[in-house]
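Novice: To start, I am sharing the structure in question, which I have written as structure tokens.
The values are calculated or read from the model by the stated rules, or taken from the named source; none is laboratory data. Worth saying up front: this structure is predicted, and the values here are computed from it rather than measured. Quick reminder, even Gly has a Cβ in these numbers, built from the backbone with ideal geometry, and neighbours come from all protein chains shown.
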Amino acid sequence: APGLMRGKRGLIMGVANNRSIAWGIAKACHNHGADLAFTYQGDALKKRVEPLAEEVDGIVVGHCDVSEPATIDAAFQAVEAAWGSLDFVVHAIAFSDKDQLDGRYIDTTEDNFVKTMLISCYSFTAIAQRAEKLMTNGGSMLTLTYYGAEKWMPHYNVMGLAKAALESSVRYLAADLGQKNIRVNAISAGPIKTLAASGIGDFRYILKWNEYNTPLRRNVSLDEVGDSAAYFLSDLSRGVTGEIHHVDAGYHVVGIKHPDAPDL
Ligand code: NAD
């Protein structure tokens, strides 16, 4: 229904280009009437995020690199200056050294382990700390995770550990913030060809495997993740917190390859 999110103000973190999951979410929220603000990571992405923000009548609050806490503070100060308060925040941020999203998990270095955890897991908590202060009227926080948190997936490696910790943080944050009527949830998205995903070894194989073996016999789209996100970010999900919700064409229920599925 048009107007589902009318009057709601949300910060979208993690748009790199028009194939980003964060962009799919932004479009859905805009279609439901939400007001949006965006951060970008570095000048190279600024040029991409600005025209996209304009497309959905959003504002750009500035550079935010979650490995530099001062830039997270600056982004939330800019949101406060523009709006005074905040209703929702989307965290669609992850990073690991590309060389280690290939091959064996056991070869992860300490340096990349720490970096992956910081950017892909702790950053959601760092953002929640700032967002809590602006969610004076309750709120909804949403992050993105992947099935590789629950089960071994080829090449996902240390990112799987980071997503497992991220999913656990959703539960702890939900408990901490529930009394303020701030809800915290995650969408576990099926594989989608984005900039971040293209860093994962054999990603095309994973996409094909899912296309042939999900119950819906296809992959999910940005719009489908966006529509599910609109549920979490609107009052439709007002009784839901601490949830990890699969938007993966049902892949999480699959045990083995379907006998009718083509070989790869
Ligand atoms: P993407 O490349 O479009 O987005 C990743 C974003 O992370 C980029 O905007 C990038 O700027 C940001 N980022 C990385 N390091 C950062 C830092 N230090 N500070 C601030 N921002 C930083 O790719 P995407 O696939 O849309 O990724 C969004 C989220 O969805 C990620 O958490 C990813 O793990 C998750 N996810 C993706 C898939 C998939 O198949 N694409 C599936 C499940 C979950």
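Novice: Select, from 135, 153, the only residue that is more than 24 Å from residue 231 (Cβ to Cβ) and of a type in the set (A, V, I, L, M). Break it down into steps so the answer makes sense when it comes.
Specialist: Details: 135 fails: more than 24 Å from residue 231 (Cβ to Cβ).
After applying the criteria, what remains is 153.
Novice: OK, next. For residue 16, state whether it is buried (at least 24 other Cβ atoms within 10 Å of the Cβ) and either in contact (Cβ under 8 Å) with a residue 24 or more places away in the chain or of a type in the set (Gly, Ala, Ser) (or both).
Specialist: So residue 16 does not fit the description; no.
Novice: For the stretch 233-240, does any single residue satisfy the condition of being surrounded by fewer than 18 Cβ atoms within 10 Å (Cβ to Cβ), among the β-branched types (Val, Ile, Thr) and at pLDDT 95 or above?
Specialist: Checked against the condition, which is being surrounded by fewer than 18 Cβ atoms within 10 Å (Cβ to Cβ), among the β-branched types (Val, Ile, Thr) and at pLDDT 95 or above, the stretch 233-240 yields at least one hit.
Novice: Spot the failing condition for residue 22; the list is (1) crowded, with 17+ Cβ neighbours inside 10 Å; (2) in contact with a helix residue (DSSP H, G or I) (Cβ under 8 Å, 6 or more places away or on another chain); (3) among the small types (Gly, Ala, Ser), and only one is missed.
Specialist: (2)
Novice: Determine the pairs where a residue that is polar (S, T, N, Q), located within the stretch 102-119, has a partner that is in a loop (DSSP other than H, G, I, E, B) with Cβ atoms under 6 Å apart, the partner being 6 or more residues away or on another chain.
Specialist: 112/97; 116/96
Novice: Hey, can you tell me all the residues within the stretch 107-163 that are aliphatic (A, V, I, L, M), part of a helix (DSSP H, G or I) and more than 9 Å from the ligand (Cβ to nearest atom)?
Specialist: 114, 117, 126, 127, 128, 131, 134, 149, 158, 161
Novice: In addition: Among the listed residues 173, 216, 134, 177, which satisfies the condition of being under 16 Å from the mean Cα position of the chain (by Cα), of a type in the set (A, V, I, L, M) and over 15 Å from residue 101 (Cβ atoms)?
Specialist: Only one candidate qualifies: 173.
Novice: Separate question: With respect to residue 257, is the statement that it is at pLDDT 95 or above and either of a type outside the set (A, V, I, L, M, F, W, C) or surrounded by fewer than 21 Cβ atoms within 10 Å (Cβ to Cβ) (or both) true?
Specialist: no
Novice: Let me ask something else. Which residues, counting only those in the stretch 172-206, are farther than 26 Å from residue 41 by Cα, within 16 Å of the ligand (Cβ to nearest atom), surrounded by fewer than 16 Cβ atoms within 10 Å (Cβ to Cβ) and of a type in the set (A, V, I, L, M)?
Specialist: Of everything in the stretch 172-206, nothing turns out to be farther than 26 Å from residue 41 by Cα, within 16 Å of the ligand (Cβ to nearest atom), surrounded by fewer than 16 Cβ atoms within 10 Å (Cβ to Cβ) and of a type in the set (A, V, I, L, M).
A quick yes/no check of all residues on (1) in contact with a Ser or Thr (Cβ under 9 Å, 6 or more places away or on another chain); (2) under 21 Å from residue 138 (Cβ atoms); (3) at pLDDT 95 or above:
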residue	(1), (2), (3)
2	no, no, no
23	no, no, yes
38	no, no, yes
46	no, no, yes
58	no, no, yes
70	no, no, yes
84	yes, yes, yes
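Novice: Do you know which of the residues in the stretch 207-233 that are within 14 Å of residue 25 (Cα to Cα) and among the charged types (D, E, K, R) is farthest from the ligand (Cβ to nearest atom)?
Specialist: Restricting to residues being within 14 Å of residue 25 (Cα to Cα) and among the charged types (D, E, K, R), the top hit is 227.
Novice: Related question: I'd like to check something: does the stretch 147-154 contain any residue that is surrounded by 24 or more Cβ atoms within 10 Å (Cβ to Cβ), under 15 Å from the mean Cα position of the chain (by Cα), under 25 Å from residue 97 (Cβ atoms) and of a type outside the set (D, E, K, R)?
Specialist: no
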